[in-house]
Amino acid sequence: MRYFVSHHIISCINGLKFNGVLNVKKRKVIVILVSLMVICSIATIVALKFPYDKLKSYLENTVDNLIINKVNVPDESSKIDTNENGIVDPIDIVNSARREVQQQTIYKDAYYS
């Protein structure tokens, strides 16, 4: 069985050869595939060695300690409340859209005249 497997692998590699030399495109594909396998293996080992809670707390601490320049953006949105419900129209529209998403409203894609 061992001879069959190794012979099969050798015959596959020989099938990739052109005049005794691997075709350049096929060689690149093989190198890329092997590289991806190595990267995935390393990523899996790293993910299994570091528990999720430790990684999460590390990332949260890193993000919290970043130096971020805060920008103050003036609120120049409309202050009009057309329906006089105490909520300005831009916020009212966003709240209504969120309710529609939560209700999972089904829309029909048709034009009515």
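Brief remarks follow.
- Neighbour-limited loop hits for GluC sites (Glu not before Pro), segment 70-110 (at most 15 other Cβ within 10 Å; DSSP other than H, G, I, E, B): Glu76, Glu84
- When you filter the trypsin sites (Lys or Arg not before Pro) in segment 14-113 for DSSP loop state and at most 15 other Cβ atoms inside 10 Å of their Cβ, you are left with Lys70, Lys79, Lys108.
- Hits among lysines - C-alpha to C-alpha of Lys26 under 21 Å, sequence gap 8 or more where chains match: Lys17
- With eigenvalues of the C-alpha gyration tensor scaled by 5 and rooted, segment 17-113, Å: 52, 28, 17
Read-outs: derived from the displayed coordinates by stated rules, not from any lab. Here the structure is a predicted model, which is why all the values come from computation and not from measurement. With ideal geometry, Cβ positions are generated from the backbone for all residues, glycine too; neighbour counts draw on all protein chains shown.
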